[in-house]
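Colleague: Sending over a structure as structure tokens; questions will come in a sec.
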Amino acid sequence: MFPKDLLDKAARALDAAKAKDVRIATAETCTAGLVSGCLTSVSGASKIFERGFVLYHDSAKATGLGVAEEISRKHGAVSAEVTQGLAEGALKNSTAGVAVAVTGYAGPGGGNEKNPVGTCYIAAARPGATTLVERHVFPGDRDGVRLAAVGAALDLIVKRLQ
């Protein structure tokens, strides 16, 4: 189902979590569970992947997992601040030791001057550590943007665990 390069990234993320003896949680908006799906496509993932949260409707992604409404109002549902809040909220609502969150505009609609279609924010959180947040603008159609975001999320899990 997923291309080999993404499955390889998922395997690396699972191996990194296993090496740290932690489980993984996800919080996804524009990828709608694709990060979780990619991780669980790897044999043995059930020992490492704990749970995934999909927050797709604007109201869910703007205030899901404890993100304060004023943060969404001030920065927008697709922002570094909301994505950080979703990653940290996934940690608080699980027993995982690392969580990754993805927000973005996959297209063809959405986007704005600051964050055009293709913009995705990825955040990875660990207890007691600074949450890493990255902004990407991926080229391509809706599916291409979403799969690129999956790859970036898997890479950020590994980076946060190093």
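The values are calculated or read from the model by the stated rules, or taken from the named source; none is laboratory data. These numbers were taken from a predicted model, which means no experiment stands behind them. Counting neighbours? That spans all protein chains shown, and the Cβs are built from the backbone with ideal geometry, glycine included.
Colleague: Take the conditions β-branched (Val, Ile, Thr) and over 16 Å from the mean Cα position of the chain (by Cα) and apply them to residue 54. Does it pass?
Modeller: For residue 54, the condition - β-branched (Val, Ile, Thr) and over 16 Å from the mean Cα position of the chain (by Cα) - is not met.
Colleague: Can you confirm whether segment 50-73 contains a residue that is in contact (Cβ under 8 Å) with a residue 40 or more places away in the chain, surrounded by 17 or more Cβ atoms within 10 Å (Cβ to Cβ), among the hydroxyl-bearing types (Ser, Thr, Tyr) and closer than 23 Å to residue 117 by Cβ? Spell out how you get there, then give the answer.
Modeller: Within segment 50-73, the subset in contact (Cβ under 8 Å) with a residue 40 or more places away in the chain is 50-51, 53, 61.
Then keep just the ones that are surrounded by 17 or more Cβ atoms within 10 Å (Cβ to Cβ); that gives 50, 53, 61.
Now drop any that are not among the hydroxyl-bearing types (Ser, Thr, Tyr), which leaves none.
Checked against the condition, which is being in contact (Cβ under 8 Å) with a residue 40 or more places away in the chain, surrounded by 17 or more Cβ atoms within 10 Å (Cβ to Cβ), among the hydroxyl-bearing types (Ser, Thr, Tyr) and closer than 23 Å to residue 117 by Cβ, segment 50-73 yields no hits at all.
Colleague: Considering only residues that are closer than 25 Å to residue 50 by Cβ and either of a type in the set (D, E, K, R) or touching a residue at least 60 places away in the same chain (Cβ under 8 Å) (or both), which ones fall in segment 74-92?
Modeller: 81, 87, 88, 89, 90, 91, 92
Colleague: Further question on the same structure: Please enumerate the residues belonging to segment 111-141 that are surrounded by 16 or more Cβ atoms within 10 Å (Cβ to Cβ) and over 14 Å from the mean Cα position of the chain (by Cα).
Modeller: 111, 115, 117, 118, 138
Colleague: Could I ask something else about it? Can you tell me which residue in segment 139-162 is nearest to residue 6 (Cα to Cα), limited to those that are free of Cβ contacts under 8 Å to residues at least 60 places away in the same chain and in contact with a Leu (Cβ under 9 Å, 6 or more places away or on another chain)?
Modeller: Of all residues in segment 139-162, those free of Cβ contacts under 8 Å to residues at least 60 places away in the same chain come to 139-144, 148, 152, 156, 159.
Next, only the ones that are in contact with a Leu (Cβ under 9 Å, 6 or more places away or on another chain) stay: 140, 156, 159.
Details: 140: 17, 156: 13, 159: 16 Å.
Checked segment 139-162; the qualifying residue nearest to residue 6 (Cα to Cα) is 156.
Colleague: Taking residue 42 as meeting all but one of (1) hydrophobic (A, V, I, L, M, F, W, C); (2) touching a Phe, Trp or Tyr at 6+ places or on another chain (Cβ under 7 Å); (3) over 23 Å from residue 117 (Cα atoms); (4) part of a loop (DSSP other than H, G, I, E, B), write down the number of the exception.
Modeller: (2)
Colleague: Could you say which residue among 59, 46 is among the polar types (S, T, N, Q) and modelled with pLDDT of 95 or more?
Modeller: On the way: 59 fails: modelled with pLDDT of 95 or more.
From the options 59, 46, the qualifying one is 46.
Colleague: While we're looking at this one, here's another question. Any residue in segment 15-25 that is part of a helix (DSSP H, G or I), surrounded by 15 or more Cβ atoms within 10 Å (Cβ to Cβ), touching a residue at least 12 places away in the same chain (Cβ under 8 Å) and of a type outside the set (Lys, Arg)?
Modeller: For segment 15-25, residues part of a helix (DSSP H, G or I), surrounded by 15 or more Cβ atoms within 10 Å (Cβ to Cβ), touching a residue at least 12 places away in the same chain (Cβ under 8 Å) and of a type outside the set (Lys, Arg): present.
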